[in-house]
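What follows is a set of notes on a single structure, which appears directly below.
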Amino acid sequence: MTATSDLIATLQGQFPALTSRPSADYPAVNVSAASASALLKTLRDSHGYDMLMDLTALVQGEGVSPRFLVVWHLFSTTTHGYVRVAAACEDDAAPSMPSVVPLWAGANWHEREAYDMFGIQFAGHPDLRRILMWDGYPYHPLRKDFPLAGKPTELPDAEIAAEVTAKVAPAPMAGGPFVATPSNLDTGDAEPRAKDESWNERRVKPE
């Protein structure tokens with residue numbers, strides 16, 4: 001058995017519902033929301049994955065349930081190995097996941113960002129509030145139903161709004177949406193390009 005399959009088999013002995021998750025690089029597993037904190041603690045305390053490198057979220061396509069997943073990327077400062085853990089939120093309308101701030105204090109800002117951008121609540125978080133958008137902003141910009149160009153929104157400060165006499169306006173797509181074409185080019189040459197390059201900030205979009 002490989003080290004990856006060894007790890008997953010060992011974890012399945014303690015978490016029978018855990019499944020392997022397709023991955024092109026590091027070991028990755030799926031676990032239930034109810035078992036996520038316990039699994040992450042086991043990975044930290046018993047397998048040396050002591051550093052939380054990242055915490056993010058995924059939104060599934062339209063009509064797919066579960067709709068939201070939370071993903072943790074862990075790193076071992078001893079073996080220099082990585083592992084990825086994903087758990088689906090049980091409620092599509094009000095997504096929630098237990099906070100891992102008690103395990104890693106650095107999860108605080110990661111969870112606040114996931115809450116801000118995706119609207120996922122983290123139960124037990126000590127200070128769950130927006131970190132990028134302002135308090136009272138009505139949307140979660142990384143959800144798939146949020147337009148790429150944004151939505152017009154009132155400015156949060158009445159004094160500033162009165163001075164500039166403007167609202168937060170959607171950004172011009174300038175030929176978007178943008179797509180990256182799979183290739184063997186280096187990163188700079190393979191950057192996303194507009195699907196429609198007939199218009200941009202200086203050229204009016206054709207009717």
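The values are calculated or read from the model by the stated rules, or taken from the named source; none is laboratory data. Everything numeric in this text was worked out from a predicted model, so none of it was measured. As a convention, Cβ positions derive from the backbone with ideal geometry for all residues, glycine included, and neighbour counts pool all protein chains shown.
Scan region 119-158 for residues that are in a loop (DSSP other than H, G, I, E, B), at pLDDT below 90 and aliphatic (A, V, I, L, M) and jot them down.
Answer for region 119-158, where residues must be in a loop (DSSP other than H, G, I, E, B), at pLDDT below 90 and aliphatic (A, V, I, L, M): 148, 149, 155.
Take the residues of region 125-160 that are exposed (fewer than 12 other Cβ atoms within 10 Å of the Cβ) and among the acidic types (Asp, Glu): which is farthest from the chain's Cα centre (by Cα)?
159
Go through (1) in a helix (DSSP H, G or I); (2) in contact with a His (Cβ under 7 Å, 6 or more places away or on another chain) one by one and return the number of the condition residue 113 breaks.
Tallying (1) in a helix (DSSP H, G or I); (2) in contact with a His (Cβ under 7 Å, 6 or more places away or on another chain), residue 113 fails exactly one: (2).
So which of 78, 56 is of a type in the set (Val, Ile, Thr) and under 17 Å from the mean Cα position of the chain (by Cα)?
56
What pairs come out if I take residues in region 41-54 that are closer than 11 Å to residue 82 by Cα and touching a residue at least 40 places away in the same chain (Cβ under 8 Å) and pair them with residues that are in a loop (DSSP other than H, G, I, E, B) and hydrophobic (A, V, I, L, M, F, W, C) whose C-beta lies under 6 Å away, six or more apart or interchain?
52/104
I'm told residue 87 meets every condition in (1) without any contact (Cβ under 8 Å) to a residue 40 or more places away in the chain; (2) touching a Ser or Thr at 6+ places or on another chain (Cβ under 7 Å) except one. Can you identify the failing condition by its number?
(1)
Does residue 73 fit the bill of being over 17 Å from residue 34 (Cβ atoms) and without any contact (Cβ under 8 Å) to a residue 12 or more places away in the chain?
no
Could you list, in sequence order, all residues of region 1-54 that are outside any loop (DSSP other than H, G, I, E, B), at pLDDT 95 or above and charged (D, E, K, R)?
41, 44, 45, 54
To keep it simple, each residue is scored yes or no on (1) at pLDDT 95 or above; (2) assigned to a strand (DSSP E or B); (3) surrounded by fewer than 20 Cβ atoms within 10 Å (Cβ to Cβ); (4) among the hydrophobic types (A, V, I, L, M, F, W, C).
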residue: 57; (1), (2), (3), (4): yes, yes, no, yes
residue: 79; (1), (2), (3), (4): no, no, yes, no
residue: 85; (1), (2), (3), (4): yes, yes, no, yes
residue: 91; (1), (2), (3), (4): yes, no, yes, no
residue: 97; (1), (2), (3), (4): yes, yes, no, yes
residue: 102; (1), (2), (3), (4): yes, no, yes, no
residue: 108; (1), (2), (3), (4): yes, no, yes, no
residue: 117; (1), (2), (3), (4): yes, no, no, yes
